[in-house]
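Each reported figure results from applying straightforward, stated rules to the coordinates on display, with no laboratory input. What you see is a predicted model, and the numbers here were worked out from it, not measured in a lab. No Cβ is skipped: glycine too gets one built from the backbone with ideal geometry, and neighbour counts run over all protein chains shown.
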């Protein structure tokens, strides 16, 4: 499956995420720390079932590219990438992921992953 990447300088921010958005927060190694209900639904897991799982195992192929994107985001860059997520026991879903460094409760460095439908980005640029 073809993917695309965009990398730009990132920034630290405190988490203030709207409901209805599919987001997860991982540590710098990809271990899930927190997630929205929508992200749990995307991955076909319960909220508690997501914690302490490795996010990279949910990507359908090209995991090394996702690992590099995670590393770039953890280092402070904002990464915009498209690819496929494979929910537990379901078919892959094509997503656009915006990945950026953030802080959890103003003390722990973490990585924020926001998942959207790639078609939403295409419609926004038209």
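Observations on the structure shown:
- Contour excess over end-to-end distance, with Cα ends at residue 51 and residue 89 and 0.36 nm allotted per residue: 11.9 nm
- Spacing of the two label points (7 Å from each Cα toward its C-beta) at residue 103 and residue 21, in nm: 1.8
- Distance (nanometres) between label positions extended 7 Å along Cα→Cβ at residue 116 and residue 41: 1.8
- Only beta bridges with both residues in region 29-124 are counted; by DSSP, about 100 percent of them are antiparallel.
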